[in-house]
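Read the figures in this text as sums done on the coordinates, not as results from a lab. Keep in mind that this is a model prediction, so the values were computed, not measured. Here the Cβ positions follow ideal geometry from the backbone for every residue, glycine too, while neighbour counts run over all protein chains shown.
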Amino acid sequence: MAVMWFLQRYWRLVLLLLVILLSYRCNKSVLYGTFPTRLKYATVNPLLKKGDKENVANYIPISLLTLFSKVFYKLYDRLLKLIETNNV
C-alpha cells in the first residue's frame, strides 16, 4: 500500500515538473514570436507506395515529428489566428 502511494506521488511530481517546463517553453516562444528550431526536426522514413521495391520513384517520404512539436504548433497556430482575427 505504501509503495503504491509513493509511486502515485512520484508520478504526480514528474508530471507537474513536465508541465512547468513545457509551459515555460511555450510562453517563451509566444513572447518572442518564434517556433523553436529544435522542434522543427523530423525523422523522414521512406514508405513504399506500390510496385518495384528497387525503384526509388515508388517511395514517398513520411516525416515523423515529436508529439510535443505537433501539439505546440497547433496551439501556436490557433493563437496567431485568434490574434489576427481580433486585431489584438
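A few points about this structure:
Residue-by-condition table, conditions (1) under 21 Å from the mean Cα position of the chain (by Cα); (2) not basic (Lys, Arg):
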site: Val44; (1), (2): yes, yes
site: Lys49; (1), (2): no, no
site: Ala57; (1), (2): no, yes
site: Ile60; (1), (2): no, yes
site: Asp77; (1), (2): yes, yes
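Yes or no, residue by residue, for (1) exposed (fewer than 11 other Cβ atoms within 10 Å of the Cβ); (2) without any contact (Cβ under 8 Å) to a residue 12 or more places away in the chain; (3) of a type in the set (S, T, N, Q):
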{"residue": "Arg9", "(1), (2), (3)": "yes, yes, no"}
{"residue": "Leu13", "(1), (2), (3)": "yes, yes, no"}
{"residue": "Leu17", "(1), (2), (3)": "yes, yes, no"}
{"residue": "Val30", "(1), (2), (3)": "no, no, no"}
{"residue": "Thr43", "(1), (2), (3)": "yes, no, yes"}
{"residue": "Leu65", "(1), (2), (3)": "no, no, no"}
{"residue": "Asn86", "(1), (2), (3)": "yes, yes, yes"}
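- Residues of the range 47-84 satisfying the condition of being under 25 Å from Leu18 (Cβ atoms) and not in a helix (DSSP H, G or I): Ser63, Leu64, Leu65, Thr66
- Any hit, the range 14-33, residues being among the polar types (S, T, N, Q), farther than 30 Å from Leu79 by Cα and part of a helix (DSSP H, G or I): no
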